[in-house]
1. Tell me the accessible surface of Val669 in square angstrom (1.4 angstrom probe, heavy atoms of protein chains only), to the nearest ten.
2. What share of Cα pairs, in percent, lie more than 18 angstrom apart in segment 479-561?
3. I'd like to check one number: the per residue accessible area of the chain, probe 1.4 Å, reported in Å² as a whole number.
4. Using a 1.4 Å probe and counting only protein heavy atoms, arrange Lys388, Lys638 so the residue with the most accessible area comes first.
5. If the label point is 7 Å along Cα→Cβ of Arg660, which residues in segment 506-525 have backbone nitrogen under 17 Å from it?
6. Just to check, using Stokes-Einstein with a Kirkwood Rh over alpha carbon pairs, what's the diffusion coefficient of segment 565-724 at 25 °C and 0.890 mPa s in µm²/s?
7. Keeping all protein chains in place and using 1.4 angstrom, which order do Thr637, Thr600 fall into by accessible surface area, from largest down?
8. In Å and whole numbers, how far do the C-alpha atoms of segment 112-177 stretch along each principal axis, longest first?
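The values are calculated or read from the model by the stated rules, or taken from the named source; none is laboratory data. Every value quoted in this text rests on a predicted model; they were computed, and no experiment measured them. Glycine gets a Cβ as well: all are built from the backbone with ideal geometry, and neighbour counts include every protein chain shown. To get the accessible areas, we keep the full protein, side chains included, count just its heavy atoms, and leave off ligands, DNA and RNA. Shrake-Rupley method; radii C 1.70, N 1.55, O 1.52, S 1.80 Å.
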Amino acid sequence: MLRIVKTGLFGLVGLAAIVLTVILVRGTLEAPQSADPAPFIAKAREYDATIDRDEWGVPHVFGKRDADAGFGIGYAHSEDDFATIQEVVIATRGQLAAIKGERAAVTDYLVNLIGVWETVEKRYESDLSPEVRRVIEAYADGVNYYAALHPEQVIPGTLPVTGRDVAAGFIFKTPFFYGLDKVLLSVFEGRIGRDAGLSKEGVDAFLPSENPYPIGSNGIAVSPARSADGATRLLVNSHQPFSGPVAWYEAVVESGEGWHVAGGFFPGSPFMLHGHNATLGWANTVNEPDLTDIYRLTINPDNENQYLLDGEWRDFKKRIATIRVDLWGPFWWTVEREVLRSEHGPALRTPDGVFAVRYAGMGEIRQVEQYFALDKATNFAEWIEAMKMQALPSINYIYADAQGNIAYVYNAQFPDRKPGVDWAGILPGDDSSLIWQGYVPFDVVPKIVNPNSGLVFNANNTPFRATAANDNLDPEAFPETLGIQTDMTNRALRIEETYGEDRSITRREFHDYKYDLRYSESSAVMEIINGLVAADAAGDPEVEEAQRILKSWDRRTDVHSRGAALAILSAEPVITARIRGQVPPAPMDKLRETIEHLKTHFGRLDPEWGEVNRFRRGSIDLPVDGGPDILRAIYGTKQEDGTLTAHGGDTLIMFVEWDRSGKLLSESVHPFGSATTDSNSPHYADQSPLFVGMRVKPVRFTRDALKGHVEESYRPGKREAADQ
């Protein structure tokens, strides 16, 4: 057996020497053994799930028990995206570098650093109800069953997937949505004191982002007071990557025990994370409260494994994380790094000292419990009771229901901090009074319920602008210790300028406003563009031409716009750097770069936006409307030919409506289709033309609505289990 020990974590310092050693030594590794499929196939006898796939391939999962439905959604999702579910499991176990190489070592270290599995082992039995454990274990059994039938897709050592894996995935992922990963990395890399940025980049949530644009989300609810026909309407419009571990999968799940939902699921999640049930629904958007605190620890000069707290030296809890890293073929090396924990939380040694981090969600395992309660809520009171669990560390909620109620909750586990302290700075680590022990009660969390305006919204903006001006929350009513954001996005501004200006919104207008293509005159983009137009061109004829194009640009991002490419490619790098806490480039420098880019690849400074902004999936290559921070959000990656290929933004979009009598109407669209990774499936890209055309399809929520639209129906496990 070849085993190489390396003490670094992220860099490839000395890798050449290691590779040379590997070549000279050349050994054979003991690969993990594949699991025997027979027990997983036999396990299917315990479940009875039916999967009906509609004409779009969307699975409608039915089961008498919640556990049957959980098994069915685990199997159905595995049929469409087993590779990503498997990767999520491996990453959550802290074993991703073993299959993805050195770059994934950071993921494995974070799993160890925040104590994912310590939390699971300590709290799985005590904090999760038997009902929830049965569902997440059934989901795992559905994944295992699919894997048993397709052993060629299974990475050895992955099976069995367990309910603990499912719970661990939520423990690991949820803090990343408010940016914990970026904070931890900023400490480790010696960048403390700078804005570490949000995990909004629409990426593989487990790895550092390489995407050029930040991503957000939209959520909007309109009550009968603001609709033209007395209906209640909800927009579910999260902005995620099109693929990967935090990409949406659409399904309808129904059990005989009251679990009946339609909406978005992440790989590894048996629960609908946002969407609707028969009587209510909600949309989620990322929020940005201050939920982490960094402490500088004083280390004992005579013992580096002790820190000062309240005048006494305390021992770190210390262990070694061993991370296996794939090289190529049968060769690998190991990273060994200490994992420290103080009374504050995870601790890191850096060249600037030792720092500890305390964060919302630390030691929390009940995320699955709260999601299941939200899924099963039948009215606003039950939904609020589920929210009061406060197991989810962040994320905005935009709510609507069949009774005409609407609400907005700026949800977070807000640390119950001591007043009079600069919590935004680096805190002294020797004072235990600064180590907060719990969260403020739900009653203190910012929320708006049934405002007179009949409108609530969020587009990753401040909660203090979430409805009409007269109904907005007063910032003075909330303590500074909550660290509530105060920023606005273009999308939020345009919601105010569209939905917010219309007191009688029709179904058509509700749809059309969502696909608004303009930048607000008050947006950051227009601030930059106006500055470029007013700048001294210094006699440069190309800059003068660019200024004329920008001045006449109509602020729209439709495919025929002849100013959007110049504007967006010049302004967005500046805005992105600001968001990420980086030193932004000079706008004029970016304008000159964009001029050269457009001349080189398109032969002119004003190509149509659709020539540049493309949607590509399989054989589909189409111009697409929208752009960064547009309500019709499209984020693209530059290609060698100078175009952009959309990689994220609008993903699963849902328009949900209850009419005056409470009758449900639901429509949706996915950028790809249900077969998210199966390029041979007819549903690999069948929704893409709808998506690009800003159109939707029906959500067939009930069995009656599904009649006549079933493309395929089957009961996973019954035939194979009977053959055993």
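1. 0 Å²
2. Working: 2005 of 3403 pairs.
Counting every Cα pair in segment 479-561, those more than 18 Å apart make up 59 percent.
3. Details: 26840 Å² over 724 residues.
That works out to 37 Å² for each residue.
4. Numbers: Lys388 90, Lys638 115 Å².
Output order, biggest surface exposure first: Lys638, Lys388.
5. 506-507
6. On the way: Rh = 19.0 Å.
For these conditions, the coefficient is 129 µm²/s.
7. Values: Thr637 45, Thr600 90 Å².
Largest accessible area first, the list is Thr600, Thr637.
8. On the principal axes, segment 112-177 reaches 33, 28, 21 Å in Cα extent.
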